[in-house]
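Worksheet: the structure to be examined is printed underneath.
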Amino acid sequence: MKIAVVGTGYVGLVTGTCFAETGNDVICVDIDAQKVQRLSAGEITIYEPGLNKLFLRNLKEERLKFTTDLAAGIRDATIIFLALPTPPGTDGTADLRFVLSVAGELGNLMTDYKIIIDKSTVPVGTAEKVYRAIANNFKGEFDVVSNPEFLREGVAVDDFMKPDRVVIGTSSDRARKIMEDLYNPFVRQGNPIIFMNERSAELTKYAANAFLATKITFMNEIAQICERMGADVDMVRRGIGSDERIGKRFLFPGIGYGGSCFPKDVQALIKSSVEVNYEFKILNAVMDINERQKLHLIPKVKKYFNGNLNGKHFALWGLAFKPNTDDIREAPALYMIKAFIKEGCTLSVYDPEAMGNVKALIGDSVKYGENQYEVLENADALIIATEWNEFRTPNFLKMVSSMKNKVIFDGRNLFDINAIRELGFYYESIGRAVAIPSNNPHKMQA
Ligand SMILES: NC(=O)c1ccc[n+]([C@@H]2O[C@H](COP(=O)([O-])OP(=O)(O)OC[C@H]3O[C@@H](n4cnc5c(N)ncnc54)[C@H](O)[C@@H]3O)[C@@H](O)[C@H]2O)c1
């Protein structure tokens, strides 16, 4: 099949590459000329495990091409995916300008039947708006389908190639048949393609993200009371996660969710609910709690240093909003950096993939290390913001030789409390007891 993907970011590039991988001819369109140039030259523009190999193979086989020219990109395609940004507008509603302006342009360019597919996360009713934007300029036959994307950055290729389910919102039999043929190679193990109407498909995506954000936030609240009640959130997590109705996943407490999706989608669903006169109370709470959670470690650090952080120097491990990605959108680490700098601290930071993006955003307001150990030099404490695997079993001896103090504040619960106490560290994490080594004047917290 001939496919165009408009918008070649995290979703568009994975979508385009994976459809090329199953033998389709794909042209990815983007307005960012530099991005298109790099991609055309074989240079991948995002870090996503497993993507580079597929990208290079399909580029070489000429099943995957890139252009800035929308007209050329869609000319031969029957299927056009819109993988465009839908950032929060000033009032928190999803900003549909990118999607609707491209839809308007498509109307001017289309000459024959095409299916236009909203892969972006868009509020309920957007398929109708896209339809109208195209129909204003094109009088022929076409269909607009809602096909929300559920991939997770960090495992996006696997998620796309072997999706738990594919959700397709359409009321057109013609579009349904083409979508089924397109996705059948991805669901050979029997995972469902779930057909529904456009509005239900649009809401399914928001409901999924809002539910997952709520699950994380619930555990962050449980962690808060664990700290106050002397319970261990790791044990509580295991205790409840073994109940099949609850499930083991998404129960890990931390310093809040970030990324390009959960924060904006929770906010957009709240706003969409208001538009239909409904106050989505749980989600309002989820948003508030998450804002607070991102800075959960700051008062702990401040308390440890007797209320004054001015002049302190910290090492920070992890900048990406989660491991295995270079995406820093809404990353808790960025909120912490800002808060620490405001307190008069200096920071040396390290992330395996996200440092380039952080440098582009905040420049040299922090120092960037070559590796996780270099940033520990003279650090008053280590702060951990992202659970990259390479941080899980570090060389503690090497750490100790560089750090000024053996003090760790861990926003992702990477270490075993008893083991780290044995190593002589003062260690605070989320929802667990504080580890205070025996030679430290502090007492173990209840
Ligand atoms: N990132 C994720 O994990 C994820 C997962 C599921 C769904 N989504 C949704 O998918 C959509 C895209 O997200 P993303 O993370 O890929 O965004 P992104 O910012 O990484 O990519 C968007 C791309 O669109 C391009 N673009 C902007 N205007 C354009 C135009 N007029 N014509 C052509 N290209 C244009 C940008 O240059 C950019 O390359 C959003 O709605 C998001 O909510 C994202």
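Structure values in brief
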| item | result |
| --- | --- |
| Whether the stretch 53-185 is rounded, prolate or oblate, judged on the alpha carbon gyration tensor where a/c under 1.5 counts as rounded | rounded |
| Among I384, I27, I44: highest mean-square fluctuation, GNM of the chain, C-alpha pairs under 10 Å | I44 |
| In Hz, Karplus ³J(HN,Hα) per residue of the stretch 292-307 (6.51, -1.76, 1.60; θ = phi - 60°; x = Gly, Pro) | 5, 5, 4, 10, 3, 7, 4, x, 5, 5, 4, 4, 4, 9, 6, x |
| Low-density loop cleavage sites - GluC sites (Glu not before Pro) in the stretch 91-171, where at most 12 other Cβ are within 10 Å (DSSP) | E141 |
| Stokes-Einstein diffusion coefficient of the stretch 302-446, Kirkwood radius over Cα pairs, 25 °C, 0.890 mPa s, in µm²/s | 160 |
| Sequence-separation-based contact order of the stretch 254-325, relative, with Cα cut under 8 Å and 6+ spacing, percent | 41 |
| Radius of gyration and Dmax over the Cα atoms of the chain, both given in Å | 23.9, 79 |
| Over the chain: helical MRE at 222 nm, DSSP H runs n ≥ 4 each giving -39500 (n - 2.57), nearest 500 | -12500 deg cm²/dmol |
| Bridge type composition, the chain - antiparallel percent by DSSP, nearest 5 | 5 |
| Rounded accessible area of V400 (nearest 10 Å², 1.4 Å probe) | 50 |
| Whether the stretch 280-358 is rounded, prolate or oblate, judged on the alpha carbon gyration tensor where a/c under 1.5 counts as rounded | oblate |
| Built amide H within the under 5 Å cut-off of L347, gap 5+ | F314, K367 |
| Nearest 10 degrees, 0 to 90: helix 51-60 Cα axis against the chain principal axis | 30 |
| Relative contact order (percent, whole number), the chain, Cα cutoff 8 Å, 6+ residue spacing | 11 |
| Accessible area in the full protein assembly, largest first, 1.4 Å probe, for D234, D416 | D416, D234 |
| Fluctuation leader among D265, D91, D351 - the chain, Gaussian network, Cα springs under 10 angstrom | D91 |
| Per residue value of the accessible surface for the chain (all protein chains in place, 1.4 Å probe), Å² | 46 |
| Whole-number D in µm² s⁻¹ for the stretch 1-118, Kirkwood Cα-pair radius fed into Stokes-Einstein, 25 °C, 0.890 mPa s | 170 |
| In sequence order, calculated HN-Hα J values of the stretch 340-352 (Karplus, 6.51, -1.76, 1.60; Hz; x Gly/Pro) | 5, 4, 4, 7, x, 8, 10, 9, 10, 10, 9, 8, x |
| Per-selection Rg to Rh, the stretch 163-296 - Cα, Kirkwood hydrodynamic radius | 1.07 |
| Residue list for the stretch 83-125, given a label point 7 angstrom along the Cα-to-Cβ vector of A360 and an amide N cut-off under 18 Å | 84-87 |
| Per residue Cα convex hull volume in Å³ - calculated over the stretch 227-358 | 154 |
| Between the stretch 305-345 and the stretch 40-60, the Cα center-to-center distance that results, in Å | 31 |
| Spacing of the two label points (7 Å from each Cα toward its C-beta) at E244 and D164, in nm | 1.6 |
| Gaussian network model of the chain, Cα within-10 Å springs - most flexible of P49, P323, P148 | P49 |
| Accessible surface ranking that places the most exposed of L361, L376, L212 first, with a 1.4 angstrom probe | L361, L212, L376 |
| Where labels lie 7 Å past Cα in the beta-carbon direction, separation of I341 and A207 in nm | 4.2 |
| Derived scalar couplings ³J(HN,Hα) [the stretch 183-200; Karplus, 6.51 cos²θ - 1.76 cosθ + 1.60; whole Hz; x for Gly, Pro] | 8, 3, x, 8, 10, 5, 7, x, 5, x, 9, 9, 8, 7, 7, 4, 5, 5 |
| Sparse-neighbour loop sites [GluC sites (Glu not before Pro); the stretch 299-373; at most 12 other C-beta within 10 Å; DSSP] | E370 |
| Förster radius 30 Å - calculated FRET efficiency between N108 and E61 (Cβ-Cβ, nearest 0.05) | 0.40 |
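The values are calculated or read from the model by the stated rules, or taken from the named source; none is laboratory data. Quantities reported herein were computed from a predicted structural model and do not represent experimental measurements. Counting neighbours? That spans all protein chains shown, and the Cβs are built from the backbone with ideal geometry, glycine included. Quick note on the areas: whole protein, heavy atoms, side chains included, nothing else; ligands and nucleic acids left out. Shrake-Rupley method; radii C 1.70, N 1.55, O 1.52, S 1.80 Å.
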